[in-house]
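Enquirer: Sending over a structure as structure tokens; questions will come in a sec.
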Amino acid sequence: MIITGKHLPRRTFLRGVGAAIALPMLDAMRPAFAAGTAAGPVRLAFTYIPNGATMKEWTPTAFGKDYALTRILKPLEPFRNDFNILTGLAHKNANALGDGGGDHARAGACFLTGVHPKKTDGADISVGISTDQIVAQALSGKTRFASLELGCEDTRTVGNCDTGYSCAYTNSISWRSESTPLPPETNPRMVFERLFGAEDLSLDPETRARRQASRRSILDMARGQTERIMGKLGPADQRKIDEYLTAVREIEKRIESAENQQKQVNPGMEKPAGVPMEFSEYLKLMFDLQVVAFQTDMTRVATLMVGREGSVRTYPEIGVPDPHHPTSHHRNLAEQIEKITKINVFHAGLFAYFLGKLKATKDGDGTLLDNSMIVYGSAIADGNRHTHEDLPILVAGRGGGKLQPGRHIQYATETPVTNLYLSLLDHMGVQPEKIGDSTGKLSYLAEL
Amino acid sequence: MVNRLTKLLRFTPVVPLVWVLGQVISSGQTAPAKPPSDTAFQKEVRPFLTNTCFGCHNAKVRSAGIDLQAFTTAESIAKDAGTWELAVRKMRSGEMPPPPLPRPKAEDLATVTDWIEQEFERADRLAGPNPGRVTARRLNRAEYNNTIRDLLGVDFRPADDFPQDDSGYGFDTIGDVLSLPPVLLEKYLTAAETAVRTALFGPAAIKPTMIRYQPHLRRPPPPPSLTDYDFTGLSLPSALSTKHRFPADAEYVFKIQLNGQRPGGSEPLKVAAWIDAEQVKTFEVDGADLEGMTVEFKSKVTAGDHLVSVSFLKQFHGLPTRFGGPEPSKRPEPARRFPGGGGAPPAAAGAKPPADPAKPPVEAAKLPIEPAKPAVAPAKPAGGNRQVSLAGRVNALDIGGPFEPVLAPSQVSRKKILVCGHLEPGAHVEGCDRKILSAMARRAYRRAITRAEVDELVAIAAKARQRGENYEESVAVALQGILISPHFLFRIERASAPTSTANNALIPISNFELASRLSYFLWSSTPDDELLHVAERGTLKQPAVLRAQLRRMLADDKARALVENFGGQWLQIRALESVKPDWEKFEQFDDYLRESMRRETELFLQDLIRNDRSVTDLLDAKYTYLNERLARFYDIKGVEGQGFRKVDLTGTPRGGLLTHASVLTVSSYATRTSPVLRGKWILENILNAPPPPAPPDVPALEDATVGTTATLREQMEKHRSNAVCASCHSRMDPLGFALENFDAIGAWRDKDGKFPIDSSGKLPDGRSFKNLDELKVILRADKEELATAVTEKLMIFGLGRGMERYDRRTIKEIVKRSSSTDYKFSSILYEIVRSMPFQMRKGEKSRT
């Protein structure tokens, strides 16, 4: 995309609006963390798919190691020894529990929090802190970015998102606190610039240092101003200004750690130009960015929303020109169910690309996939009836040896998904007492 | 246009501001209030509740945490309006009592819910006035872009790269919902740096890049007629239009790649390139096969979004005579041999033999359009529908740049910032920094600033100089500090209030705060110098001054923001950006059409505001704004070119918002129309009667098999036999069916599939209509509802909070008062900005 002089090389032309080209990983890439350590750190990622799945095409019939992959999971065949399918898990707090309609908003908000979100269109939004953020806050300072929130659907929405629920609940699955959602970055270029700096490297080091010092001085002033007005504010304003203050402190910390980390990180990929036109290219690029962020140890925690809950994305490229959400209300019509299944298969195929990429990337003595724990799934099982039990959930990777993948495991009905999260966090060395509705750790993840 | 507005504002009798405020306050103190009817409660309501609700909602079970049994007196009901509003809503929607419990008799249920609502109203009359609380509002993306533009005179839309803003109550201006994650502050830091540096030192050099645009359709369909088509070619699918963001004032290179064939012996073709509505370049290309042909040109373009189009001028002119097109070619047609057809013309695989050149041209003109049976071996299997290619098509457009960009700072920007008057670097004198920084802080914080605040900024600049920055660089650092300050990024209204304010006290907001409310309401931007000046003098709240400011602000070009941001969200046309109608079914839909749809509605709303028309025009105005593309789409003759103009719609089925393709598209699914969605759209946005959410476990009524098995209408009528569904769908569906003559992208149709359209209907209140025109008459009769809807949405957008029970009186009052002008837009706006909620806030104890 970058052209020198007036010569415009045809081969690097972009297709479509801000489309990007495929980005091979460079061999020159090296993990940025402690070279020489045998085992890389454990990484945690969540990939969320909206509107549920055709469960009879998801859930294998047999259990244990020798199960046959179903139609939806078939694209994951090359990695069947790298993930566990977990059947029986539930998000009971995504149910109405007296709040009426709005299952999509609740599912999205509940997926990583395990908390029943407060039904409100705006004032006093409240759910819980999300699992990824519990880890992010615990590991804060270990990596340049505590966490990464990505999405493949522009969150610009209009009107109400889901019956009486603020759009905040469907726009983000990551929640920094019970009232502060972390909106996903949907532009690959922005993700790249955030990770590897949009800074003008053509400037001389002294100028860059002076600018950095300036940034620190104005952040310092902003913090002072904020602390002075805090006391004069009512509770609602205080909450808002507190978000600001927290952000100021976090960035101050980051600037400091960037200064300590003198070396320039080589991302090993070209800067994406923008959002690719083809959805598959888009999602792959987002997966690439996650891989690079993990590989360079910019962060160890990431979430990716393939779509917002209630997504109306159409998939004409796979023969589903119909909007996803209305189609998911399939009324048990075979034709409609088939379309949903096609979308599920399509997403799984792209997720397989992610796993392949992780597996092909060396990390410590093993691969990045070995050192990762990737949860893939939805907080809705059947999109037609909005069920929140027997959810489609799988967890890939070995968690640095803590997980024993390759199996289909059946759990007691309505085992909270948050029990899984509690176990995964334990493998990251983070032991919260509880996550949302968790009742204890999930067994059988490690044993055969 | 402005004159009419001016007149209205001048001749409306001036009523002191206190009227609205005073009315509400006095009604609270003096309105006679009857005591609640305890007899009715004990005799009718409580027994009903005992039978229906207390089984679960009692002190022991407390289903959903609610104990209704605890409410033992009539008075206690209204004291917990939250609980009982929910109860009424759930009983009415049929959610409660939940199946399988028996449904209470409809009339009993009505008696009880009506009684409860009366209680609310009685309590409302008793309650004191309540202006509500507005949580500190962070600038949203549109506001940030506009504010930076107006403060610094640089317009590069930095916030387009910010994370999306969350919305609530249908708008992205809600303080409670606008959060500030760390990633956003990072962006604020970068944006502040770029904005200040661009303004003071000029834009940074940008590396040239090249972006390619391609049409969705590989092979566009032929035109409907060779004699009546868009001579500019812009409306034809062979053209390509795209919005492109030009990052700088600079030169750009445009490469146009062509494809397609043209019958041998045709005259050369003219390719035209357009930027916005202006034709900037034409090329002549000659030859039967255009594949691989490329033309290119360079042009200087200003920074920002521009619509770039490439088309073929008069592309069906100059064809060989036998095609019957206009101005036939004077060139001889080459004799060629075709497989299986001897000397047949280049009818491509699939066209039927050509008409005799002697035949009348009109008939011949129809020839290439009919999908014909293959006369020779088809290139594609049956149904492939290949047609004669009569002209080229644009295969791709590459836009590369910026080259030789303007890198000098704009003098406008420097003047805005360097108020000391020393525009040449190095000319500054002692004390300049103080002047510059205090002026900018006042404008950026939108209020008078304290000495301490200026001292701090001056100190920041001084420290930067100590680090080795030069004078202007050091001022730039402090300016960046202003732009990341919470006083700039947030509109905090109570920071200056006394800390011991009692809860619920009525506190007038300051003149400066009012100025900000006004400017972010009408302009989505910061107050300008005049508004700040008036606020500083303390006269903004005087009715005559307020009215004059409102008039001035609406006449300003910046008021376009009200159309884009309020209109775009209220009417949901912002969603146009992301709709993806099924390509197979709606091949006409491309980005040019999408853009044209959006413009129509924006210009229509702008006309309504500028010319101060009644909001009822929204329903049935017999005019709109069209360009050729949209006019052809609407089948309206006589509109040529890319530019939009006002068009009379008399004699067409169009008129009013409900027939705008934008509205019809955003209220449809990608593959088909949905009377339910459209009915809901009308109820929410026009009639101010949003339907309650569908009860849980009852999937929303689906209408997927439209036009295939039974008519949609029949299916839905069956669905409505369920009483719970019927309660809402009998309101929604008829409204939506009235629009069935418009397909899912708003094109006119007489049939859906094989079924003729029936757009008649009957509303639950008994009024019936034969078609959309008759429905519009009914809606116009309900104009008070429309005015209420507009008022309520404007209040949510302007105040940045949802509407509550206590706002109802104000809304009612505004609607009543604006009825004297037949709900002219400016009178609604004026009543809003002088109302109590807009000028006051409720006190709140701080947590010191």
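Enquirer: Which one of B:Thr173, B:Thr242 is touching a strand residue (DSSP E or B) at 6+ places or on another chain (Cβ under 6 Å), in contact (Cβ under 8 Å) with a residue 60 or more places away in the chain, within 11 Å of another protein chain (Cβ to nearest Cβ) and among the β-branched types (Val, Ile, Thr)?
Expert: On the way: B:Thr173 fails: touching a strand residue (DSSP E or B) at 6+ places or on another chain (Cβ under 6 Å).
Unique residue meeting the criteria: B:Thr242.
Enquirer: To continue, here is another question. Do you know which residues across region B:245-277 are at pLDDT below 90, under 29 Å from B:Gly325 (Cβ atoms) and either assigned to a strand (DSSP E or B) or within 14 Å of chain A (Cβ to nearest Cβ) (or both)?
Expert: B:Asn259, B:Gly260, B:Gln261
Enquirer: Please determine, by comparing only the residues of region B:37-62 that are within 14 Å of chain A (Cβ to nearest Cβ) and surrounded by fewer than 16 Cβ atoms within 10 Å (Cβ to Cβ), which one is nearest to A:Asp99 (Cα to Cα). Break it down into steps so the answer makes sense when it comes.
Expert: So the first thing to find is which residues in region B:37-62 are within 14 Å of chain A (Cβ to nearest Cβ), and the list is B:53, B:56-57, B:61-62.
Still in the list and also surrounded by fewer than 16 Cβ atoms within 10 Å (Cβ to Cβ): B:61-62.
Values: B:Val61: 17, B:Arg62: 14 Å.
Across region B:37-62, the extreme among qualifying residues is B:Arg62.
Enquirer: With more than 10 Å from chain B (Cβ to nearest Cβ), at negative phi and surrounded by 19 or more Cβ atoms within 10 Å (Cβ to Cβ) as the only criterion, which of A:Val275, A:Val248 stands out? Before you say what the answer is, go through the steps one by one.
Expert: Numbers: A:Val248 fails: more than 10 Å from chain B (Cβ to nearest Cβ).
Just a single option satisfies the conditions, and that option is A:Val275.
Enquirer: Now for a separate question. Taking into account only those residues within region A:289-331 that are within 30 Å of A:Leu424 (Cβ to Cβ) and of a type in the set (Lys, Arg), which is nearest to the other protein chains (Cβ to nearest Cβ)?
Expert: Applying the first criterion (within 30 Å of A:Leu424 (Cβ to Cβ)) to region A:289-331 yields A:289-311, A:313, A:324-325, A:328.
Right, trim to of a type in the set (Lys, Arg) and you get A:300, A:308, A:313.
On the way: A:Arg300: 17, A:Arg308: 10, A:Arg313: 8 Å.
My answer is A:Arg313.
Enquirer: A further question on this structure: Just for region B:139-168: of the residues that are facing chain A (nearest Cβ under 7 Å) and crowded, with 23+ Cβ neighbours inside 10 Å, which one is nearest to B:Met440 (Cα to Cα)?
Expert: Start the filter on region B:139-168 by keeping residues that are facing chain A (nearest Cβ under 7 Å), which leaves B:161, B:163-164, B:166-168.
Remaining after also requiring crowded, with 23+ Cβ neighbours inside 10 Å: B:163, B:166-168.
Numbers: B:Pro163: 26, B:Asp166: 29, B:Ser167: 30, B:Gly168: 32 Å.
Among those that are facing chain A (nearest Cβ under 7 Å) and crowded, with 23+ Cβ neighbours inside 10 Å, it is B:Pro163.
Enquirer: Follow-up question, since we're still on this one. Scanning region A:413-425 for residues that are touching a strand residue (DSSP E or B) at 6+ places or on another chain (Cβ under 6 Å) and at pLDDT 95 or above, which turns out nearest to A:Asp365 (Cα to Cα)?
Expert: Within region A:413-425, the first condition is being touching a strand residue (DSSP E or B) at 6+ places or on another chain (Cβ under 6 Å), and the residues that meet it are A:413-415, A:417, A:424.
From what is left, the residues that are at pLDDT 95 or above are A:415, A:417, A:424.
Values: A:Thr415: 35, A:Val417: 31, A:Leu424: 21 Å.
Filtering first and then ranking leaves A:Leu424.
Enquirer: Filter region A:151-166 down to the residues that are closer than 21 Å to A:Met286 by Cβ and at pLDDT below 90, then identify the one that is farthest from the other protein chains (Cβ to nearest Cβ).
Expert: Going through region A:151-166, the residues closer than 21 Å to A:Met286 by Cβ turn out to be A:151-157.
If we keep only those that are at pLDDT below 90 too, we end up with A:153-157.
Working: A:Glu153: 9, A:Asp154: 6, A:Thr155: 4, A:Arg156: 5, A:Thr157: 7 Å.
Restricting to residues being closer than 21 Å to A:Met286 by Cβ and at pLDDT below 90, the top hit is A:Glu153.
Enquirer: Checking A:Thr303 against (1) within 17 Å of the chain's Cα centre (by Cα); (2) farther than 22 Å from A:Asp370 by Cβ; (3) of a type in the set (Ser, Thr, Tyr), which test does it fail?
Expert: So A:Thr303 meets the others, but not (2).
Enquirer: Something else: Within region A:120-143, restricting attention to residues that are at pLDDT below 90 and within 12 Å of chain B (Cβ to nearest Cβ), which residue is surrounded by the most Cβ atoms within 10 Å (Cβ to Cβ)? Please lay out each step first, then the result.
Expert: Going residue by residue through region A:120-143, those that are at pLDDT below 90 are A:120-126, A:140-143.
Applying the additional criterion that residues be within 12 Å of chain B (Cβ to nearest Cβ) yields A:120-126, A:140.
Numbers: A:Thr120: 19, A:Asp121: 22, A:Gly122: 25, A:Ala123: 19, A:Asp124: 12, A:Ile125: 27, A:Ser126: 16, A:Ser140: 15.
Within region A:120-143, the match that is surrounded by the most Cβ atoms within 10 Å (Cβ to Cβ) is A:Ile125.
Enquirer: Evaluate region B:165-174: report whether one residue or more is more than 26 Å from B:Val790 (Cβ to Cβ), out of contact with any Cys (no Cβ under 7 Å at 6 or more places or on another chain) and charged (D, E, K, R). Show your work before the answer.
Expert: Taking region B:165-174 as the starting set, the residues that turn out to be more than 26 Å from B:Val790 (Cβ to Cβ) are none.
No, region B:165-174 has no match at all.
Enquirer: Restricting attention to region B:536-588, and to residues there that are under 10 Å from the mean Cα position of the chain (by Cα) and acidic (Asp, Glu), which single residue is nearest to B:Tyr445 (Cα to Cα)?
Expert: Restricting to residues being under 10 Å from the mean Cα position of the chain (by Cα) and acidic (Asp, Glu), the top hit is B:Glu564.
Enquirer: Something else now. Of everything in region A:256-296 that's at pLDDT below 90 and in a helix (DSSP H, G or I), which residue is nearest to A:Leu219 (Cα to Cα)?
Expert: Here the answer is A:Glu256.
Enquirer: Okay, next question. Could you say which residue among A:Lys232, A:Lys253 is more than 8 Å from chain B (Cβ to nearest Cβ) and either at pLDDT below 85 or assigned to a loop (DSSP other than H, G, I, E, B) (or both)? So that I can check it myself, show each step before the final result.
Expert: Working: A:Lys232 fails: more than 8 Å from chain B (Cβ to nearest Cβ).
The unique qualifying residue is A:Lys253.
Enquirer: Collect the residues in region B:485-511 that are modelled with pLDDT of 70 or more, among the aliphatic types (A, V, I, L, M) and assigned to a loop (DSSP other than H, G, I, E, B), keeping them in residue-number order. Working first, answer last.
Expert: Of all residues in region B:485-511, those modelled with pLDDT of 70 or more come to B:485-494, B:505-511.
Narrowing further to those that are among the aliphatic types (A, V, I, L, M): B:489, B:492, B:505-507, B:509.
Of everything in region B:485-511, those that are modelled with pLDDT of 70 or more, among the aliphatic types (A, V, I, L, M) and assigned to a loop (DSSP other than H, G, I, E, B) turn out to be B:Ile492, B:Ala505, B:Ile509.
Enquirer: Between residues in region B:185-197 that are within 14 Å of B:Phe488 (Cα to Cα) and residues that are small (Gly, Ala, Ser), which pairs lie under 6 Å by C-beta distance while being six or more apart or on different chains?
Expert: From region B:185-197, the pairs are B:Leu185/A:Ala247.
Matching residues to (1) of a type in the set (D, E, K, R); (2) within 14 Å of chain A (Cβ to nearest Cβ); (3) buried (at least 21 other Cβ atoms within 10 Å of the Cβ); (4) within 24 Å of B:Arg125 (Cα to Cα):
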| residue | (1), (2), (3), (4) |
| --- | --- |
| B:Phe797 | no, yes, yes, no |
| B:Thr810 | no, no, yes, yes |
| B:Ser818 | no, no, yes, yes |
| B:Ser826 | no, no, yes, no |
| B:Ile832 | no, no, yes, yes |
| B:Met836 | no, no, yes, yes |
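Let's see how each residue does on (1) of a type in the set (A, V, I, L, M, F, W, C); (2) over 23 Å from B:Ile609 (Cα atoms); (3) within 12 Å of chain A (Cβ to nearest Cβ):
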{"site": "B:Leu540", "(1), (2), (3)": "yes, no, no"}
{"site": "B:Gln549", "(1), (2), (3)": "no, no, no"}
{"site": "B:Asp556", "(1), (2), (3)": "no, no, no"}
{"site": "B:Val579", "(1), (2), (3)": "yes, yes, yes"}
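Enquirer: Would you point out which residue out of A:Gly151, A:Gly101, A:Gly128 is under 20 Å from the mean Cα position of the chain (by Cα) and more than 27 Å from B:Asn565 (Cβ to Cβ)?
Expert: Values: A:Gly151 fails: more than 27 Å from B:Asn565 (Cβ to Cβ); A:Gly101 fails: under 20 Å from the mean Cα position of the chain (by Cα).
The unique qualifying residue is A:Gly128.
Enquirer: When residues of region A:360-385 are filtered for being in contact with a Ser or Thr (Cβ under 9 Å, 6 or more places away or on another chain) and over 25 Å from A:Gln295 (Cα atoms), how many remain?
Expert: Number satisfying all stated conditions: 5.
Conditions (1) closer than 26 Å to A:Cys110 by Cα; (2) in contact (Cβ under 8 Å) with a residue 12 or more places away in the chain; (3) touching a Pro at 6+ places or on another chain (Cβ under 6 Å), marked per residue:
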site	(1), (2), (3)
A:Leu245	no, yes, no
A:Val248	no, yes, no
A:Glu256	no, no, no
A:Val265	no, yes, no
A:Met286	yes, yes, no
A:His329	yes, yes, yes
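Enquirer: Which strands (runs of 3 or more DSSP E) sit wholly inside region A:365-448 and have at least 3 residues that are touching a residue at least 60 places away in the same chain (Cβ under 8 Å), under 22 Å from the mean Cα position of the chain (by Cα) and crowded, with 18+ Cβ neighbours inside 10 Å? Walk me through it before giving the result.
Expert: Numbers: elements: A:372-377, A:393-396, A:408-416.
So the answer is A:372-377, A:393-396.
Enquirer: Further question: Based on what the data block shows, is A:Ala213 free of Cβ contacts under 8 Å to residues at least 24 places away in the same chain, of a type in the set (A, V, I, L, M, F, W, C), surrounded by fewer than 20 Cβ atoms within 10 Å (Cβ to Cβ) and within 7 Å of chain B (Cβ to nearest Cβ)? Steps first, please.
Expert: Details: free of Cβ contacts under 8 Å to residues at least 24 places away in the same chain: yes; of a type in the set (A, V, I, L, M, F, W, C): yes; surrounded by fewer than 20 Cβ atoms within 10 Å (Cβ to Cβ): yes; within 7 Å of chain B (Cβ to nearest Cβ): yes.
Judged against the criteria, A:Ala213 is a match.
Enquirer: Being within 10 Å of chain B (Cβ to nearest Cβ) and among the small types (Gly, Ala, Ser) is the filter here; which residues of region A:102-119 pass it?
Expert: Of region A:102-119, the ones within 10 Å of chain B (Cβ to nearest Cβ) are A:102-103, A:119.
Listed by number, the list holds a single entry, A:Gly102.
Enquirer: In region B:184-207, what residues are in contact with a strand residue (DSSP E or B) (Cβ under 8 Å, 6 or more places away or on another chain) and either buried (at least 23 other Cβ atoms within 10 Å of the Cβ) or more than 7 Å from every other protein chain (Cβ to nearest Cβ) (or both)? Steps first, please.
Expert: Going residue by residue through region B:184-207, those that are in contact with a strand residue (DSSP E or B) (Cβ under 8 Å, 6 or more places away or on another chain) are B:206-207.
Hit for region B:184-207 is B:Ile206, nothing else.
Enquirer: While we're on this one: Within region A:72-93, is there a residue that is within 14 Å of chain B (Cβ to nearest Cβ), farther than 27 Å from B:Asn688 by Cβ and either buried (at least 19 other Cβ atoms within 10 Å of the Cβ) or in contact (Cβ under 8 Å) with a residue 40 or more places away in the chain (or both)?
Expert: The answer is yes; a qualifying residue exists.
The values are calculated or read from the model by the stated rules, or taken from the named source; none is laboratory data. In this text the structure is predicted, and so the values were computed from the model without any measurement. Cβ coordinates were reconstructed from backbone atoms using ideal geometry, including for glycine residues, and neighbour counts include every protein chain displayed.
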